[in-house]
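What follows draws every value from the coordinates through simple rules; no lab data is involved. Since the model is a prediction, treat every value here as computed from it, not as a measurement. In this analysis, Cβ positions are derived from the backbone assuming ideal geometry, glycine residues included, and neighbour counts consider all displayed protein chains.
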């Protein structure tokens, strides 16, 4: 999902539009997690970016999506960019992680 959320509407309050943006992000993540995994992979991982514009977008952790949208609401932004891309991943073995 690559989307620029525009937060201005003549009839809908801005707080509702920010909540709708959070809902869209959660809905996309849930939909992607329910897809069948390719052979040899363990889970769906998500690459996320957030910025005031697409050019300013920086990599964020998936758990910070809500915080970033709240930040946009506090700054009274007219729009913001959110990118969430799903990719299948393999969990690393615990023995190799302990060796580090």
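Using the 10 angstrom Cβ neighbour count as an exposure proxy, how do 12, 65 rank, fewest first?
So the ranking, lowest neighbour count to highest, is 12, 65.
Over all directions, what mean area does the Cα convex hull of the chain project, stated in square nanometres?
8.2 nm²
Using a 10 angstrom cutoff on alpha carbons, build the Gaussian network for the chain and name the most mobile of 35, 11, 26.
For the chain, modelled as a Gaussian network with Cα springs under 10 Å, the answer is 11.
How far is helix 14-33 tilted off the main Cα axis of the chain, in degrees rounded to 10, range 0 to 90?
20 degrees
Quick one: 47, 24, fewest Cβ neighbours within 10 Å first, how do they rank?
Going from sparsest to densest Cβ surroundings: 47, 24.
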